[in-house]
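Each remark here refers to the structure printed beneath this line.
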Amino acid sequence: IHEFYVFDYGMYSADFTGPMMVITQKITSLAFEIHDGLTKPEGQLSPGQKYLAIRRMPSLLEYLSYNCNFMGILAGPTCSYNDYMAFIEGTCYQPRHQENANGKENGKCKQSEPSPKDDVISKLCTCAISLAIYLSLCKLIPVERCIDEDFSSSTPLYLQVIYLYLAMLALRPKYYFVWTLADAINNAAGFGFNGYNKDGSPRWDLISNLRILDIEFATSFKLFLDNWNIQTALWLKRVCYERCPINPTAATFLLSAMWHGVYPGYYLTFVTGIGMTMAARAVRHNIRPYFLVSDTYKCIYDVITWASTQVAISYTVVPFVLLAVGPSLKFYRYVSLTVCTVFMFISVFTTESECTVVEKSFCSPHAFVIYCIKNHS
């Protein structure tokens with residue numbers, strides 16, 4: 001805390017805190033997996049927890065190897081202890097079941113040792129492209145311009161929103177580069193095999209941290225988060241969301257903020273994320289059914305939700321990038337009232353009970369819009 005607020009306040013620096021974040025994930029994951037394996041009855045565990053549960057206490061060498069191996073000490077990604085030990089012992093190519101990012105299971109796997117060469121080359125190419133894009137655009141479209149008084153006063157709101165989206169779009173390749181490179185390093189060492197595709201090609205995405213196309217074309221807040229920093233999302237799900245008895249969504253966002261660090265921008269981002277998640281759920285539950293009557297309406301809905309998701313994500317993560325409380329509050333002062341009003345209006349536009357009643361009477365977006373105008377004007 002002293003270093004952040006005295007020496008590096010408002011600036012991101014790549015230092016010892018990165019490896020500490022990865023080790024924190026591994027130690028807490030290991031603790032819960034040991035707890036599940038040694039203290040909980042089998043019947044109280046979910047299928048995913050049964051797979052991850054550790055049935056014997058690791059030795060000191062195994063513990064240190066899991067936490068401090070050279071492949072993931074700097075940038076991760078984190079992984080389960082059982083997956084890591086299967087890799088070390090050479091059993092990772094045997095038939096097994098593994099929980100994927102959506103909480104489902106897959107497990108058909110051939111007893112062979114496929115080569116990761118093609119996937120490593122592909123991921124290194126992705127790294128090169130991502131780095132080139134980031135270095136080309138980060139200086140041309142700085143996020144800090146969003147809080148410039150002259151820019152805010154002389155630029156129409158819709159152009160400010162477009163600029164905000166483009167600025168966030170230019171920042172994401174930095175994360176694509178780091179996470180894809182970390183994934184490629186693990187794959188090159190032989191870690192990350194996750195079975196076979198239907199066409200027989202090997203999958204090397206066991207510890208992949210992102211799916212770029214799914215991120216850029218996400219049509220909901222949840223879809224974006226499900227494909228962004230996947231291993232951290234799985235860690236949060238396993239240690240917090242599945243175990244917290246009260247308001248697990250809010251608890252998970254707050255834990256994520258604490259894990260990232262002490263900058264106020266982290267907390268502003270994740271607190272905002274709670275509201276955005278609730279609004280996205282309300283939209284999907286209350287409005288989406290009226291657009292499923294035809295492919296045309298479904299396409300219109302997808303376009304609208306894609307645009308709104310990208311704007312919502314861009315708005316939410318600005319404090320995460322600015323870090324300091326002053327610039328973050330300045331951004332909120334310029335943009336917050338308009339954007340927040342829109343999303344709060346969407347989140348309460350129809351209540352659950354309203355939707356149940358109206359659903360029986362209207363079967364098209366036209367009828368739904370007419371109803372909303374009459375009842376909310």
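Distance distribution P(r), segment 33-72, all Cα-Cα pairs, bin width 10 angstrom from 0: 29, 41, 26, 4 percent.
Ordering His35, Gly72, Gln25 by the projection of their Cα atoms onto the charge dipole of segment 7-92, which places +1 on the Cβ of Lys and Arg and -1 on the Cβ of Asp and Glu, puts His35 at the extreme positive end.
Here segment 147-200 and segment 37-72 have alpha carbon centers that stand 32 Å from each other. For the residues Trp235, Trp259, Trp306, a 1.4 Å probe over the protein chains yields an accessible-area ranking, largest first, of Trp306, Trp259, Trp235. Sites listed here are chymotrypsin sites (Phe, Trp or Tyr not before Pro) in segment 149-195 whose DSSP assignment is loop and whose Cβ has at most 14 other Cβ atoms within 10 Å, and the list is empty. Given a 1.4 angstrom probe, I'd like the percentage of the accessible area of segment 125-250 that is carbon and sulfur, rounded to a whole number. Here it works out to 65 percent. The mean sequence distance of close C-alpha pairs (under 8 Å, at least 6 residues apart), as a share of the length of segment 7-92, puts its relative contact order at 37 percent.
Pairs spanning more than 27 Å between alpha-carbon atoms, out of Lys26/Lys123; Lys26/Lys139; Lys298/Lys330: Lys26/Lys139; Lys298/Lys330. Classify segment 173-221: rounded, prolate or oblate, from the alpha-carbon gyration tensor (a ≥ b ≥ c, eigenvalue square roots; a/c under 1.5 rounded; otherwise prolate if a/b is larger than b/c)? It is oblate, given that a/c is not under 1.5 and a/b is not larger than b/c.
Potential lengthening of the chain between Phe217 and Ala189 amounts to 7.0 nm, from the contour at 0.36 nm per residue minus the alpha-carbon distance. A DSSP coil position with no more than 10 other Cβ atoms inside 10 Å describes the following trypsin sites (Lys or Arg not before Pro) in segment 19-98: Arg55, Arg56. The Stokes-Einstein estimate for segment 7-92, based on a Kirkwood radius over Cα pairs and taken at 20 °C with 1.002 mPa s viscosity, is a diffusion coefficient of 150 µm²/s.
The values are calculated or read from the model by the stated rules, or taken from the named source; none is laboratory data. Remember, predicted model here, so these are calculated numbers, not experimental data. A quick note on method: Cβ atoms are made from the backbone with ideal geometry, for glycine too, and the neighbour counts reach across all protein chains shown. Surface areas here come from the heavy atoms of the whole protein model, side chains and all, with no ligands, DNA or RNA. Shrake-Rupley method; radii C 1.70, N 1.55, O 1.52, S 1.80 Å.
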